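The values are calculated or read from the model by the stated rules, or taken from the named source; none is laboratory data. Just so you know, these numbers come straight off a predicted model, no measurement behind them. Cβ coordinates were reconstructed from backbone atoms using ideal geometry, including for glycine residues, and neighbour counts include every protein chain displayed. Accessible surface is based on the protein model in full, side chains and every heavy atom, while ligands, DNA and RNA are left aside. Shrake-Rupley method; radii C 1.70, N 1.55, O 1.52, S 1.80 Å.
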Protein chains: 6
Amino acid sequence: MSFNHREEHVDDHMLLVQANLDDMNPEWMTYVMDKLFDAGANDVYMVPIIMKRGRPGVMLNVLVDEGRLSSIEDIIFSETTTLGIRYLHASCHRLAREFEHVETPWGPLTVKVGYHEGKLVQFAPEFKECEQVARIHDVPLKKVYEEVRMLFIGQKREKNALPK
Amino acid sequence: MSFNHREEHVDDHMLLVQANLDDMNPEWMTYVMDKLFDAGANDVYMVPIIMKRGRPGVMLNVLVDEGRLSSIEDIIFSETTTLGIRYLHASCHRLAREFEHVETPWGPLTVKVGYHEGKLVQFAPEFKECEQVARIHDVPLKKVYEEVRMLFIGQKREKNALPK
Amino acid sequence: MSFNHREEHVDDHMLLVQANLDDMNPEWMTYVMDKLFDAGANDVYMVPIIMKRGRPGVMLNVLVDEGRLSSIEDIIFSETTTLGIRYLHASCHRLAREFEHVETPWGPLTVKVGYHEGKLVQFAPEFKECEQVARIHDVPLKKVYEEVRMLFIGQKREKNALPK
Amino acid sequence: MSFNHREEHVDDHMLLVQANLDDMNPEWMTYVMDKLFDAGANDVYMVPIIMKRGRPGVMLNVLVDEGRLSSIEDIIFSETTTLGIRYLHASCHRLAREFEHVETPWGPLTVKVGYHEGKLVQFAPEFKECEQVARIHDVPLKKVYEEVRMLFIGQKREKNALPK
Amino acid sequence: MSFNHREEHVDDHMLLVQANLDDMNPEWMTYVMDKLFDAGANDVYMVPIIMKRGRPGVMLNVLVDEGRLSSIEDIIFSETTTLGIRYLHASCHRLAREFEHVETPWGPLTVKVGYHEGKLVQFAPEFKECEQVARIHDVPLKKVYEEVRMLFIGQKREKNALPK
Amino acid sequence: MSFNHREEHVDDHMLLVQANLDDMNPEWMTYVMDKLFDAGANDVYMVPIIMKRGRPGVMLNVLVDEGRLSSIEDIIFSETTTLGIRYLHASCHRLAREFEHVETPWGPLTVKVGYHEGKLVQFAPEFKECEQVARIHDVPLKKVYEEVRMLFIGQKREKNALPK
């Protein structure tokens, strides 16, 4: 499974890029977020804020590698209404990640697993796959999640990879 | 002081008018709120919400007497981008209110007082007056508030209107 | 254009269905919203709230016709983690709506138009079409919107449907 | 287990009581919420809102039986700074609830279970118990939850109460 | 128009000053914001947050040049209730800005224009002027915006400054 | 009173640690916050955000000394569901603080006082003590606060420590 293994590491060359938007059609936001992810943003999120004169604005946040700043800025300037952006230097500590698989009644499904100092600390069913299963098999999404989580734990315990 | 006295009462003919806005320039919101207050709205406020496709929208809320619904609707339809509004019936319980005055180092200032079942339960310095005093006399706004509150309490205790 | 005309009207048989969620994986929310729209909800939106013990919860809101309450409830109970829902009676005032078309450099695009008491008060380019044009032609989404709006206004003024 | 069984039902005599607070020390809010729960409120939650002049206010919401309105109002008027409250009529649809128990490595723990039309749709470990176990046994809270959920499902499947 | 031209630039000596407020009368916030802008803050905004014990607090954010830190701090310490502030270093990328004018039925109005790498990417009618026109001429604010935007685009296209 | 005096200072070795959570049970948040405070965090707060695909997430923020980063990270990785955290360097300017006491009808109560450049700028009754008094003596919390504030001001003025 080494092909999908990514080592735990700290990346000290990240930027948190921010733009406060108080005069933009909110309808455009999801489109802008998609474009930013496509351009290599590690994360994109919005924070509801209150701006000058009590305006209900939105702060766009983009977490991105320093080397990609300029392409992120191009998107923000061309797709939003802002006249300025700011960025702050950030360090990102990312867990080692693996994608494992469990056999379920609906076929094999993926579980994203996170390791901190060699210890399994996170595991989460892949949202898109579970969503697809829920739709196709007409079963509540929360049941799909529950089942995948149970099967993953059972599988790990068999291998003694998880303490009982 | 009967000229400014308003009896405690329940008004069962109020409407809570709501419009979800996801494609409107937020810059316009404060202007719309001002117009709604001018048209007789009892209260106007905004709630940050998440709408279809994850859009960061704003829910406009107007509390208004049933008789004024149509003028409120006219403003919302002409000044915002919504294609529909909804309203719910509400009852408003309002305290008896009096405006009293205290002598302060900066001249007489008004205190809004609320009575529930004849008992003084609320008192608050008038924001606009305190703000003006703070600006003119270059004193922190919070000190003006504090002083007005202390003087009001002292005045009430002298008259035994407030328990020590 | 009468085929797509819907008269302005007030619908007094609507419900605002609400569920406060403080122990649910937020990842599931968009899936739940999609299912609620599919089941005939007129609108679905989320409000960030603070619940018991300071928990950061989400209030799910569904605006729906009284006749569809039970299918909406079935989805909420099976797809979320709530043990109860509440609903309030609401009236919806909806504008007359028409879908018109403008010729653009990227082909014909749709504009949703709203009329209040016979007067054109709203018009908005269709988001999905504009988004598709922006992607395919690699032009900023905000420019597509701007162009569609300008062309629509020009077209209306030629017909004297809009005051210059 | 009939002693803790509560039938699924709709209660049409509920009120949603609301007060917008824009001049109150937020530090007091949790105390007020506790008092409201003590006085019989079914639910209490806060919504961040934007009020007149762009003030960052909080809307206090209390869901309560009609018969308890007056004691709820007394608390709001004496403990907050509001000069008025409003209330809207609401219906509450509550699932049948049972409290069941599972044997865990840390002793027996409670699971709250919800039934809709006789079908088990919800189950959730009791937060307070899990929190106590996590603290005492120094184990991550999320692991306690996971374990309780797995054991509950296993127990139900043995009894064929849950489809495999 | 060179008199109002500001070149596009990156300013690496900015600070993002933050204070979390959980025990302050929100009524004072707009006054504090005004004072901070008067003292030279480039931007001031508020973020609704949840603080210790679940309190609904507000994070005050001030974007300011390093050289003005101390006067900003003086205002925050004297006008709010905080016992501490924090600041983070930020870089601001600001577009070249020009103020241009368009002739409208209500007289000449200003448009703020932003250039990124020499290309016009933003233009926005001046809010205060549009608001005044809307009030005086009793026309919806959104129509004033629309008209100014159309006239600006028309003017630019005549000069071939904007691609058709 | 020197035993509880802390000098005003700027600490340049602080970190603002952030994790965006979009797939975690919000019920766990207060427990996590408690653990982070126990591990030496100076402040912990949550920001409601909108994440990828429109998910209503929560950004966990921890303000902490650089030397404690690793124990804070251990808690976040073991108690939340995140696969990564980020941190930004921050400076904290903290006022000189003293705890003083006032005699009240309910016994002596503590007031936290803040000094900026030797000048008293803040004072706040201790929440936990006031809350306890309010509960035991069945008096509104806001009255306890008011009384403590008045007594503190009176005491300071007698000593000429506060300008009248």
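Quick notes on this one:
- Test for B:Asp11: is it of a type in the set (D, E, K, R) and under 23 Å from D:Thr82 (Cα atoms): yes
- Residue match in region E:56-78 (condition: on the phi > 0 side of the Ramachandran plot and at pLDDT 95 or above): no
- Residue within region A:7-15 that is more than 14 Å from chain D (Cβ to nearest Cβ), within 20 Å of F:His89 (Cβ to Cβ), crowded, with 18+ Cβ neighbours inside 10 Å and aliphatic (A, V, I, L, M) present: yes
- Count of region C:1-52 residues which are part of a helix (DSSP H, G or I) and either among the small types (Gly, Ala, Ser) or under 28 Å from F:Ile49 (Cβ atoms) (or both): 15
- The numbered conditions (1) open to solvent by 10 Å² or more (accessible area, probe 1.4 Å); (2) within 14 Å of chain D (Cβ to nearest Cβ); (3) touching a helix residue (DSSP H, G or I) at 6+ places or on another chain (Cβ under 8 Å) are all true for A:Pro48 except (3).
- Among the residues examined, E:Val144 does not qualify as open to solvent by less than 30 Å² (accessible area, probe 1.4 Å), within 11 Å of another protein chain (Cβ to nearest Cβ), part of a loop (DSSP other than H, G, I, E, B) and more than 30 Å from C:Met51 (Cα to Cα).
- Looking across F:Asp43, F:Asp65, F:Asp23, F:Asp34, one residue alone is more than 18 Å from the chain's Cα centre (by Cα), away from chain B (no Cβ under 14 Å) and surrounded by fewer than 24 Cβ atoms within 10 Å (Cβ to Cβ). It is F:Asp23.
- Residue in region C:13-31 that is farther than 30 Å from D:Lys35 by Cα and small (Gly, Ala, Ser) present: no
- Within region E:113-141, the residues that satisfy the criterion of being open to solvent by 70 Å² or more (accessible area, probe 1.4 Å), more than 9 Å from every other protein chain (Cβ to nearest Cβ), of a type outside the set (Val, Ile, Thr) and part of a helix (DSSP H, G or I) are E:Lys128, E:Gln132, E:His137.
- If the condition is being open to solvent by 10 Å² or more (accessible area, probe 1.4 Å), within 12 Å of another protein chain (Cβ to nearest Cβ) and part of a loop (DSSP other than H, G, I, E, B), then region F:85-107 contributes only F:Pro105.
- Leading residue by the ranking (least open to solvent (accessible area, probe 1.4 Å)) among those in region D:147-164 that are under 21 Å from A:Val139 (Cβ atoms) and of a type in the set (A, V, I, L, M): D:Ile153
- Taking (1) touching a strand residue (DSSP E or B) at 6+ places or on another chain (Cβ under 6 Å); (2) under 30 Å from B:Pro26 (Cβ atoms); (3) free of Cβ contacts under 8 Å to residues at least 12 places away in the same chain in turn, B:Gly84 satisfies each apart from (3).
- Hits in region E:72-81 (condition: open to solvent by less than 10 Å² (accessible area, probe 1.4 Å) and of a type in the set (Ser, Thr, Tyr)): E:Thr80
- In the set E:Thr82, E:Thr110, only one residue is part of a loop (DSSP other than H, G, I, E, B), at pLDDT 95 or above and more than 7 Å from every other protein chain (Cβ to nearest Cβ); that residue is E:Thr82.
- All of (1) surrounded by fewer than 21 Cβ atoms within 10 Å (Cβ to Cβ); (2) within 14 Å of chain A (Cβ to nearest Cβ); (3) of a type in the set (D, E, K, R) hold for D:Arg55 with one exception: (1).
- Considering (1) farther than 30 Å from B:His13 by Cβ; (2) in contact with a Lys or Arg (Cβ under 7 Å, 6 or more places away or on another chain), the lone condition that D:Ser91 does not fulfil carries the number (1).
Conditions tested, residue by residue: (1) over 20 Å from C:Cys92 (Cα atoms); (2) touching a helix residue (DSSP H, G or I) at 6+ places or on another chain (Cβ under 9 Å); (3) without any contact (Cβ under 8 Å) to a residue 12 or more places away in the chain.
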{"position": "B:Pro26", "(1), (2), (3)": "yes, yes, no"}
{"position": "B:Thr30", "(1), (2), (3)": "yes, yes, yes"}
{"position": "B:Arg94", "(1), (2), (3)": "yes, no, no"}
{"position": "B:Glu117", "(1), (2), (3)": "yes, yes, no"}
